[in-house]
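Everything below concerns the one structure shown next.
The values are calculated or read from the model by the stated rules, or taken from the named source; none is laboratory data. None of the values given here were measured: they were computed from a predicted structure. Here the Cβ is made from the backbone with ideal geometry for all residues, glycine too, and neighbour counts use every protein chain on show. All accessible areas refer to the heavy atoms of the entire protein, side chains included, with ligands and DNA or RNA removed. Shrake-Rupley method; radii C 1.70, N 1.55, O 1.52, S 1.80 Å.
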2 protein chains.
Amino acid sequence: MPKPAHRRITIVDVARHAQVSTTAVSKVLRNAYGASPAMRAKVQQAIDELGYRPSAAARGLRGQTYTIGVMIPELRNLFFADILDGITAQLGDTAYQVLLAPGCNGEKEEARVIEAMIDRSMDGLVLIAPVSSRTRLNNVARSVPTVVVGRHGSSTAYDTVTDDDVAGAALVVEHLAGLGHRRIAHIEHHETDPVRLLEMPNAQRANGYRDAMREHGLADQIDIASTSYTHQGGYLGAKQLLSRDQRPTAIFAGADVVALGALEAISEAGLSVPGDVSVVGYDNSALAAFGPISLTSVDQDGRQMGANAARLLVDRIADRDRRTAHVKLSPTLVVRRTTAGPARAAAPRPAPDPAATRTPTDG
Amino acid sequence: MPKPAHRRITIVDVARHAQVSTTAVSKVLRNAYGASPAMRAKVQQAIDELGYRPSAAARGLRGQTYTIGVMIPELRNLFFADILDGITAQLGDTAYQVLLAPGCNGEKEEARVIEAMIDRSMDGLVLIAPVSSRTRLNNVARSVPTVVVGRHGSSTAYDTVTDDDVAGAALVVEHLAGLGHRRIAHIEHHETDPVRLLEMPNAQRANGYRDAMREHGLADQIDIASTSYTHQGGYLGAKQLLSRDQRPTAIFAGADVVALGALEAISEAGLSVPGDVSVVGYDNSALAAFGPISLTSVDQDGRQMGANAARLLVDRIADRDRRTAHVKLSPTLVVRRTTAGPARAAAPRPAPDPAATRTPTDG
DNA sequence: TGTGGCATGGGTAACGTTTTCCACGATGTT
DNA sequence: AACATCGTGGAAAACGTTACCCATGCCACA
């Protein structure tokens, strides 16, 4: 044979080969009710012998596509990659296939991508840190099962999975205050939109910072540089903070990249870390764990968030009318080498290597 | 209106609303031949008024799905993200939507993912650094237009886009030899499979290294540590190389992560970079560019590779029988602060601040 | 007045699955 | 014995789009 340009095997071929109806084959494929064990075996054998694979396009026309779409705003963000790992791990033994839609930074792009996923009749959507309006999200959720990850604010249309950013910020303040710091500053991502001010993690972190400062009797020390969650934002924010009359002894950056920018500004100012200034990040990304950087950071078990999202989504696909659920996970603080007691502190402790330092190999 | 639970608008609705046939609407949708400008306008208006969006599932059953699948073996690899950016940028103004399939490290996983994409009747596939056998790739390419990125070896069934890894390795050796180095060692990703030995970039880099060393009259200095392209691989490889009787004055790591591992091993051995040992990476990832690391590295324009891949794929979708094309791009070397002349060279330079120490320096 | 080509529009049969409904025999119940 | 029930299997109608082919009207040309 030269090149048969194989016509794809269809359910009809399988049915003929097993000498049953296509209905029967379909039932076996979907584990549906109404097929005896004998039938199941017979059909399964035909499927295996012919190497049959169902066409998702055809399935989508009537039933499910067994496809779950995940929207990721930024592929380079390692935290998002962790979430994705959690999703795929949770979905590993199911029939669902995960597909990612890349390149959706900005509301317009995001809308386009979500539409594209709906057009492709995906069975469910996981939206990671979406920026769309609440109304829009509700509309989306009404037309397809949806789980929103990393955005606060509960809805009756979609499930959510978040990390407790307020608690994360509190962990940071607590850690620093426990080390003896009082002038603890924060670099936040500037936000004006009133809804986002409530729902976006960055705003929650800033709120958590304020609350925790007050709780530790440091209300008068609250000092926030409002820039953006970028390397440059960290650099500029730290510069701003360091130029204060009384400069902070500790900086809580709202994200790891921000902390890296801050580190550069601090070093540029001729100061040392953690000798003169302690620095804490957020996300516990691979960068934070990297030996030479060794950044104290808040860890948000991304894998578990992803796993929860996947579980909720599969549940909702099975029962579209169940009540919405809102999972909030607790972060932990990973102490590394960018935090220590303030220079002017009483106890002249020899800076001990914190327990969280890692061997070079598990970076 | 309470909650209509909107039935999706179909092509029939549009046809009725515009008072034409579904065939006409379909022609307008696909920019197909046989529709007058007047017809186009009328139908387009109906589409806009009704907010109609075609169902990809239904389309896939007869024609195209306007979906392009990209297989990425490792999301965390920033170089792959660049490639993806190039693909989406090139496809930006077309009707195609890019979808990513994650979690395909390993031959088995890769096969599963590729099958999944074919099942979903994608119009074309971009496979980034696939590990499947040549036969398998050919089979895939026979059933769907395919472009393979980052794997050498030409095929008559699929197009390829690669970076010239041999040239890249030569750039490194040239740079180091130009600085006066003679003992230039290499850390490679171990490979035994004969096909991969020819086709995989890592093998090509090792070959390029050997060739370049010979060309520079350094054949007797060839020294390779065979580990893996991971952080740990770099750490162990460097440890191995540093324990040689005559230790190398320069290490060419086959990838940036490998270089980072090597940096840790070097620092652990009490040596400085680039004072005692120069280090070069490959990929010019964001990590390499990061100020405190500032790693000299080979840059492979990932965006351009992606753009080329997308262009080739769209071409092939349009004409499945055209000859296969094989694009090979040239890398460049980005010199940063991890390379300098060898310590025993003539000039008694004061040891500069090695980039690998923890204190952040600049941007 | 035919004849052929071209531009335009539509009718209809796919495409491969799932869903809905019905038939049939076996079994249990009154 | 008559009647409901259950378990199993199949026929046929969707699902929304595109491909294929034909009908029509118009024009140019012999």
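A few comments on the model shown:
- Matching residues, segment A:49-74, being within 14 Å of chain B (Cβ to nearest Cβ) and charged (D, E, K, R): A:ARG53, A:ARG59, A:ARG62, A:GLU74
- Only one of the numbered conditions (1) open to solvent by 10 Å² or more (accessible area, probe 1.4 Å); (2) on the phi < 0 side of the Ramachandran plot; (3) at pLDDT 90 or above; (4) within 12 Å of chain B (Cβ to nearest Cβ) is not met by A:ALA101, and that is (1).
- Taking segment A:171-187 as the range and being open to solvent by 30 Å² or more (accessible area, probe 1.4 Å) and either of a type in the set (Asp, Glu) or within 26 Å of the chain's Cα centre (by Cα) (or both) as the test, the residues that pass are A:LEU171, A:GLU174, A:HIS175.
- Residue satisfying all of: in segment B:194-221; touching a residue at least 24 places away in the same chain (Cβ under 8 Å) and in a loop (DSSP other than H, G, I, E, B); surrounded by the most Cβ atoms within 10 Å (Cβ to Cβ) among these: B:MET200
- All positions within segment B:324-339 that are in contact (Cβ under 8 Å) with a residue 60 or more places away in the chain and away from every other protein chain (no Cβ under 14 Å): B:THR324, B:ALA325, B:HIS326, B:VAL327, B:LYS328, B:LEU329, B:SER330, B:PRO331, B:THR332, B:LEU333, B:VAL335, B:THR339
- If only residues of segment A:262-312 that are over 19 Å from A:ARG247 (Cβ atoms) and at the interface with chain B (Cβ under 9 Å from one of its Cβ atoms) are counted, the one that is farthest from the chain's Cα centre (by Cα) is A:PRO292.
- Residue in segment B:75-93 that is more than 10 Å from DNA strand C (Cβ to nearest atom) and more than 13 Å from chain A (Cβ to nearest Cβ) present: no
- Hey, A:ILE118 open to solvent by 10 Å² or more (accessible area, probe 1.4 Å), more than 16 Å from DNA strand C (Cβ to nearest atom), more than 18 Å from B:ALA101 (Cβ to Cβ) and at pLDDT 95 or above or not: yes
- Test: B:ILE72 is within 25 Å of A:ALA81 (Cα to Cα), over 10 Å from the mean Cα position of the chain (by Cα) and open to solvent by less than 30 Å² (accessible area, probe 1.4 Å): no
- Set side by side, the residues B:ALA15, B:ALA46 differ, and just one is more than 14 Å from every other protein chain (Cβ to nearest Cβ), among the small types (Gly, Ala, Ser), within 10 Å of DNA strand D (Cβ to nearest atom) and open to solvent by less than 40 Å² (accessible area, probe 1.4 Å), which is B:ALA15.
- Exclusive hit being in contact with an Asp or Glu (Cβ under 6 Å, 6 or more places away or on another chain) and within 10 Å of DNA strand C (Cβ to nearest atom), set A:ARG53, A:ARG59: A:ARG53
- Comparison of A:GLN90, A:GLN64 shows that the only residue that is part of a loop (DSSP other than H, G, I, E, B), open to solvent by 60 Å² or more (accessible area, probe 1.4 Å), more than 10 Å from DNA strand D (Cβ to nearest atom) and touching a residue at least 12 places away in the same chain (Cβ under 8 Å) is A:GLN64.
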